[in-house]
Each structure stands twice: as C-alpha cells, then as structure tokens.
Amino acid sequence: MAGLAELLSTPGAELARGTFNDAVVLEGEWVARFPRTDLADARRRAKALANIGRLALPFAVPQVLENRLDLPLGQAHVVISYLPGTRSSTASDDAVREVLDALAGVEPDAELAGLLDEPLHHAGGLRAAETIAELVFPLLTGDERSQAEEVLRRFAELPPATGFVHGDLAPVNLRWHKGKISGILDWDFACAGDPALDAAAFASYGWPLVRRVRPELYDRALTHAAMFPLTGAVSALRQGSDPASFLTWFRRRCAVREHPPTSGKT
C-alpha cells in the first residue's frame, strides 16, 4: 500500500500541511490525506464525508476514492477526489445564499447524524470555553483576557439553534466557477450546530453581505465570528502547533476593542 513518500513520488504530486492532516495533492486528480493525530476522528469523518457526498447538494463535495484509515498512524490515509475551480476574493449574494439555503435544507438521517462532529469538537466541544480559559488565557495580557471573557460571555448567552453546518466555510475551502460556488472542501468540522456559524464564515466577503443574505442570523453570526481566533488558538495548542497567527488576529481586534470588526479585516 502506497505511503506518504511513495505518493509524493507521483509525477506532479505536492505536499500540503494542514492543521490536522498532511496531504499529498495531485492537481486535477486526487488528494491523499494523512491524519497526524486522532485516527478515530479521521475514520468517523471519512464515513461522514462519504454520506455527505450522497446528498443532493448544488455544489461538488470530495468523493472518497480509497479509505486506508485501517493502517497505523503515519501510514493511514484516505484518498479523495480533487475538486476543480478557483479561489475568489469576492462573492455575490446569490452565490452565498445558494450554499446556505442548501445546507439549511439538509436533514441528516440517523447514520449521518451519528457521524457528525460535536460543535467545536476541535476546540473542546461543550468545554470549549473552559478549554480556551485554560490554554489561551495564560498567553494574554490582563486587558486581552478581559475582552476574551466578554466574548465567551456573549457565546454562552447564544440561544440554542441546530441545523446542518459545514463548520469551516473559509474562502480557502470554496471553489468557484462562473460566479458560483462549484465545490466545497474540508468537511471535517461538519456538525449539527448553529447555522449562524456558517453565515459568519462568509464575513470574509464583508459583513454587509451577511446582513443581506441572513439578516435573521446576523447578530448570532457576529458572536460566532468573535470566537474564531480563540477557538483557532486553542485548536492549534491542542494539536501541538503554534497559535501565534490566531493570537495576532485576536490582538488586532483587542486593539480596536471590537469583536469582530464589521468593517475592514475581520
């Protein structure tokens, strides 16, 4: 069975490193993902992805081509299809609305529901706030901790809401073609959670777009977006990675005392 080194020897293949996986990418053909830590999570998420790929969604989802997560860590991997398309620095209301409407229309069956992540699983799940306080607060100044506490208070006060959520609709995970989102990558964080989390991710294209497309989710989306640097930092720390980029992101918000800023960088 081909391992990381052998797959990298494929003509045209390149190595990419993510937060949780190392990947070998053969552009236009396939992506082989090698989990670096938790094989149980990787196996569950591969099964979830196979189920999500069978949903009637208006955009492409990577298909599981080969699952070798039965192998030991370091050799274990899953091969998924490569999604064509380009990145985009702009987005239309219609393109974003189509994605959010499609996700809102999904009612996971019992099998898929049992495979989905717990919301914020990567950051401690139900204990995300406690985990942030334990791991991230010691890295912050007193004023930064005070602002982080306010973000966590806002998050704790969110009303319960549950829908089918991708969980990481950052621009890097979107593929575009002719002005539409033609494919969505990285379903590792898919969960039964608050749809405002996915709406918040589209603030990368501007908060006015979020307000227009999902006015009823706008305030909750602001709170989810306020959490992004903190959950990112705690996730990095739990993986043994450097949280510096997430801490810089949070400190930039602390400097203007707005979480998140609704104009300029989010």
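Some points to look at:
- Exactly one residue out of L222, L209 is crowded, with 19+ Cβ neighbours inside 10 Å and over 20 Å from A128 (Cα atoms): that is L209.
- Scanning the stretch 168-184 for residues that are outside any helix (DSSP H, G or I) and surrounded by fewer than 21 Cβ atoms within 10 Å (Cβ to Cβ) yields a total of 10.
- The helices (runs of 4 or more DSSP H) found entirely in the stretch 189-266 that carry 2 or more residues being in contact with a strand residue (DSSP E or B) (Cβ under 7 Å, 6 or more places away or on another chain) and not hydroxyl-bearing (S, T, Y) are 195-201.
- When A46 is tested against the conditions (1) in contact with a Pro (Cβ under 9 Å, 6 or more places away or on another chain); (2) within 25 Å of L237 (Cα to Cα), the lone failure is (1).
- Inside the stretch 1-55, residues that are of a type in the set (A, V, I, L, M, F, W, C), surrounded by 14 or more Cβ atoms within 10 Å (Cβ to Cβ) and within 17 Å of the chain's Cα centre (by Cα) make up a count of 7.
- Of all residues in the stretch 208-225, those satisfying the criterion of being touching a residue at least 60 places away in the same chain (Cβ under 8 Å) and more than 24 Å from T90 (Cβ to Cβ) are R220, T223.
- Scanning the stretch 58-73 for residues that are free of Cβ contacts under 8 Å to residues at least 60 places away in the same chain, of a type outside the set (S, T, N, Q) and in a loop (DSSP other than H, G, I, E, B) gives P58, L69, D70, P72, L73.
- Out of L100, L139, L115, sole residue that is modelled with pLDDT of 95 or more, hydrophobic (A, V, I, L, M, F, W, C) and in contact with a Leu (Cβ under 8 Å, 6 or more places away or on another chain): L139
- When L65, L103 are checked against the criterion of being under 19 Å from the mean Cα position of the chain (by Cα) and either surrounded by 13 or more Cβ atoms within 10 Å (Cβ to Cβ) or of a type outside the set (S, T, N, Q) (or both), L103 stands alone in meeting it.
- Filtered residues of the stretch 119-152 (kept if outside any helix (DSSP H, G or I) and hydroxyl-bearing (S, T, Y)): T141
- Only a single criterion out of (1) within 11 Å of the chain's Cα centre (by Cα); (2) under 17 Å from A113 (Cβ atoms) is not satisfied by P160, namely (1).
The values are calculated or read from the model by the stated rules, or taken from the named source; none is laboratory data. Please read all numbers here as calculations on a predicted model, not as lab measurements. Cβ coordinates were reconstructed from backbone atoms using ideal geometry, including for glycine residues, and neighbour counts include every protein chain displayed.
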